[in-house]
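See below for the structure under consideration.
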Amino acid sequence: MDPKFGPYAKQELAKGFRAALIARQVFLPKGHFALDAEYHASGFFQSKLALVNPEILAVAAEFIAAEIAMVAAEVEMLVAPPGCGIALTTLAAASLTKQPRRYAPLVVHAIAQGGGLDFFPAFRSTLEGRKAVVVEWFCDGRNNGTALAEAASHTGAEILAVAAVWNAGPTRQTLRGVPILAAIEEEFELFPADNCPLCRSGQPVDAERGAGPEFVEARLALAL
Ligand SMILES: [Zn+2]
């Protein structure tokens, strides 16, 4: 195991990482957020904002690499979601090639197709029969993480783990026996916007932080 990530060191790093995510408003663990027109939530995570913070991206990739090294050292491939996850997965693969780990997994990414996820034919055939870890920014025990793991397993890959920055689903959970590894494990709740208990209880939607696409655009404009 990487000595930097012994159990206590990891706890301390995870605490610092969580605080840095909150300070940069990438991760907001408590509140009442309008994620989009359909969903309200008690937590918020925005991977687009993580991408414009190079230090956040680097630490996230280190966490993912360290978790993979501990649990899935025989990994041959890392599977990225479409979009923002490709940068994270590529950096995690680069971290795995450094000492003391020195694995060199290949990175492939999924594409969005017909409302689901699929892979380019060349990626499909490369995944077949390989030991793979699925990488996600955010795993919610519903669609996030699950859909990518399922798409990857349909190629014939053996999925060793799902590695995420934040697991907001039930902690220490597995996806049909596949462990979910995460830097942050904190459950959050997602509600339909038209039937939200936080709205019913009179708690106003947080209009300054995490209020949908406008918030993200404004934060991106500040960061760039
Ligand atoms: Zn609400």
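The values are calculated or read from the model by the stated rules, or taken from the named source; none is laboratory data. All values derive from a computational prediction rather than experimental measurement. Reconstructed Cβ throughout: ideal geometry from the backbone, glycine too, with neighbour counts over all protein chains shown.
Odds and ends about this structure:
- Selection within the range 97-115 - under 18 Å from the mean Cα position of the chain (by Cα) and either surrounded by fewer than 20 Cβ atoms within 10 Å (Cβ to Cβ) or among the β-branched types (Val, Ile, Thr) (or both): VAL107, VAL108, ILE111, ALA112
- Taken over the range 145-165, the criterion of being charged (D, E, K, R) and under 16 Å from the mean Cα position of the chain (by Cα) is satisfied by GLU150 alone.
- Of all residues in the range 72-96, those satisfying the criterion of being part of a loop (DSSP other than H, G, I, E, B) and within 15 Å of the chain's Cα centre (by Cα) are PRO81, PRO82, GLY83, CYS84.
- Counting only strands (runs of 3 or more DSSP E) that fall entirely inside the range 154-224 and contain at least 1 residues that are away from the ligand (no atom under 16 Å from the Cβ) and either basic (Lys, Arg) or modelled with pLDDT of 85 or more (or both), the qualifying elements are 158-167, 178-185.
- Residue match in the range 52-69 (condition: of a type outside the set (A, V, I, L, M), out of contact with any Pro (no Cβ under 6 Å at 6 or more places or on another chain), under 13 Å from TRP137 (Cβ atoms) and not in a loop (DSSP other than H, G, I, E, B)): yes
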